[in-house]
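The values are calculated or read from the model by the stated rules, or taken from the named source; none is laboratory data. Computed from a predicted model, the values in this text were never measured in an experiment. Don't worry about glycine lacking a Cβ; one is built from the backbone with ideal geometry, like all the others, and counts go over all protein chains shown.
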Amino acid sequence: MYNEKPIEEILAYSESEYSDYIIKLLKVDSVFYLLDEIDDYLQKIAESDPLKVERICKLNATIYKSTESDEILGQIIGYNYNTHLISLIFQGDINRIKVLFLEAISFCQEKGYYEAGKSLSQNIGNLFSNRNIPYDESMFFLSRITQFYNSLKKYQDSIDVLCAAAQNFADVSAFQSAYRAIYDAQEIANSYINDPKTLILIRETQGMVALIEGDHDCAEIEFQNCFNIYEEINESPALQLRVNAATVKLRRNDFKGARSIYETLNNPLDSPHY
């Protein structure tokens, strides 16, 4: 049985001691889970000590690349990339974030590592609402993320990330970027997905961006489109959609219309008379 040690003790090793320990660990298939535990621990301390996490991730990368790779190790390399990326995000170094992300997402795409690539993409997605990042950089990241998902035929993931990004862009008043993301989501849906719930997501996102921008006419039209789709598929509209639609009514001083929607919130089976 392998002699396991506390993670804090392992991370306190000198670089040579740590390298020796990890190399020995890689030779024992049954304890690969320890590498996952080390990675989880590093993610927990990434905010408080990003420099330490970055140093260890770089050391891990050197060790892993010098080891004969297999499917399990390949996945570990992907997750090590993700933890390294998190450490750079907490340091706020956009240039190094970009370089590492491109290397990491290319690796995951080439190997077909969906889960690791999705983790990378989600962490990058959290940057889209950061005012300190130029919007052209955000759009570049977004394009690369959707390229990754589309290459694996994960088209719904592409649409989900585009719609989430649109919302984040709108929250920081980057409306042109928001509408571009929605347009790209619609293009993917038109080509690959025939699902009314996906169409609702896109339409509702468009409505929310318009609502934030103050274009109440557009918002009302898009929310109505969503209600129409729900009616076509014989399902009750989602609670948040009702709230958003009522908000538009209030902002247009249509208090009667807003009330008729709010009255349905107590009974999710009722459909609002929009």
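In the range 104-129, the qualifying residues are those that are loosely packed, with under 14 Cβ neighbours inside 10 Å and outside any helix (DSSP H, G or I), and the one that is farthest from the chain's Cα centre (by Cα) is GLY112. The residues on offer are ILE261, ILE212, ILE221, and the sole one that is among the aliphatic types (A, V, I, L, M), over 23 Å from ALA166 (Cβ atoms) and either modelled with pLDDT of 95 or more or in a helix (DSSP H, G or I) (or both) is ILE261. Given the criteria of a type in the set (A, V, I, L, M), farther than 13 Å from ALA210 by Cα, in contact with a Phe, Trp or Tyr (Cβ under 6 Å, 6 or more places away or on another chain) and modelled with pLDDT under 95, does ALA174 qualify? No; evaluated as a whole, the condition is false for this residue. On the given criteria, is LEU25 modelled with pLDDT under 90 and more than 24 Å from ILE105 (Cα to Cα)? Considered against the rule, which asks whether it is modelled with pLDDT under 90 and more than 24 Å from ILE105 (Cα to Cα), LEU25 comes out as yes. Checking each residue in the range 131-143 for being in a helix (DSSP H, G or I) and surrounded by fewer than 19 Cβ atoms within 10 Å (Cβ to Cβ) picks out TYR135, ASP136, GLU137, PHE140, SER143. The set of residues from the range 232-245 being surrounded by 15 or more Cβ atoms within 10 Å (Cβ to Cβ), touching a Pro at 6+ places or on another chain (Cβ under 8 Å) and assigned to a helix (DSSP H, G or I) comprises ARG242, ALA245. Can you tell me which residues in the range 153-190 are over 20 Å from PRO134 (Cβ atoms), outside any helix (DSSP H, G or I) and without any contact (Cβ under 8 Å) to a residue 40 or more places away in the chain? Passing the criteria: only LYS153.
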